[in-house]
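Working notes, structure below.
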Amino acid sequence: MRSRFFRILLTFSNPIRPPILWATTPRLRNTTPLKSMTIPFFSALFGTSTPSSKNTMTSYPDQRTPEEWRAVLSPEQFRILREKGTERPSTGLYDKHAPSAGTYGCAGCGAALYEARHKFASGCGWPAYFDSVPGAVVRHEDRSLGMARTEIVCANCGGHLGHVFKGEGYDTPTDERHCVNSVSLTFREEGEGAAGAGDGKEAGAEGKGESKV
Ligand SMILES: [Zn+2]
């Protein structure tokens with residue numbers, strides 16, 4: 001049977017008619033050694049898919065389950081970070097926060113997302129940044145609520161941050177506004193691993209502060 005199959009295969013491996021073999025002898029396909037060689041070949045090609053900004057839910061390095069997130073997040077953090085909620089405007093901890101140095105990290109996984117020098121006073125009611133730490137924020141098209149918006153999420157855990165808007169006329173280097181929920185963020189002063197009580201390090205660094213009205 002098998003040797004006969006090989007003969008058939010050889011016969012039909014001539015480029016003129018191979019589709020006929022596959023189309024008309026479905027049972028033979030299950031015994032062909034070609035198939036078992038093909039699968040590892042393809043999985044080698046596509047199995048380790050490249051984590052690009054186009055990929056969505058499955059490509060984040062931090063793959064915690066919803067249950068695991070619930071265990072470490074407050075209900076409000078879970079609603080916003082993991083269920084794409086939005087905090088009420090002008091209520092967030094960092095809305096009017098204007099430090100001269102430091103880093104805003106993801107409140108879920110701790111990844112650094114924005115630096116203090118990226119923040120500007122947009123007056124929109126949420127913390128606003130004109131840029132992010134390179135590669136830290138991933139964008140997705142969001143067509144919910146009947147609008148076409150660009151959602152931004154943490155590149156490490158996929159946690160929802162907010163949306164980014166462009167071309168609004170703000171006098172910033174990018175004319176982009178990352179509109180971020182305070183709940184999605186946690187602020188760390190310069191050089192700190194975690195948020196600490198204020199033994200203020202007012203490092204002038206490179207940042208301009210960007211505190212305009
Ligand atoms: Zn994160």
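Every number here is computed from the coordinates shown, using simple stated rules; none is lab data. From a predicted model like this one, the values you see are computed outputs, not experimental measurements. When we count neighbours, we look across all protein chains shown, and the Cβ atoms used for this are built from the backbone with ideal geometry, even at glycine.
Could you put S122, S74, S184, S132 in order, starting from the residue whose Cβ has the fewest other Cβ atoms within 10 Å?
With the fewest neighbours first, S122, S74, S184, S132 line up as S74, S122, S132, S184.
Once a ≥ b ≥ c are taken as the square roots of the eigenvalues of the Cα gyration tensor of the stretch 93-164, is the result rounded (a/c under 1.5), prolate (a/b larger than b/c) or oblate (a/b not larger than b/c)?
oblate
Using Cα pairs under 8 angstrom and six or more residues apart, how large is the relative contact order of the stretch 60-188, in percent?
29 percent
Classify the stretch 89-131 as rounded, prolate or oblate from the Cα gyration tensor: take a ≥ b ≥ c as the square roots of its eigenvalues, call it rounded if a/c is under 1.5, otherwise prolate when a/b beats b/c and oblate if not.
oblate
Most exposed first by the Cβ proxy, i.e. fewest other Cβ within 10 Å, how do F120, F78 rank?
Ordered from fewest to most neighbouring Cβ atoms within 10 Å, F120, F78 come out as F78, F120.
Treating cross-link reach as a plain straight distance, find the aspartates and glutamates whose alpha-carbon is under 15 Å from the alpha-carbon of K166, omitting any fewer than eight places away in the same chain.
Hits, sequence-local ones excluded: D131, E141, D142, E151, D175, E176.
What is the projected area of the convex hull of the Cα atoms of the stretch 60-188, averaged over all directions, in nm²?
7.6 nm²
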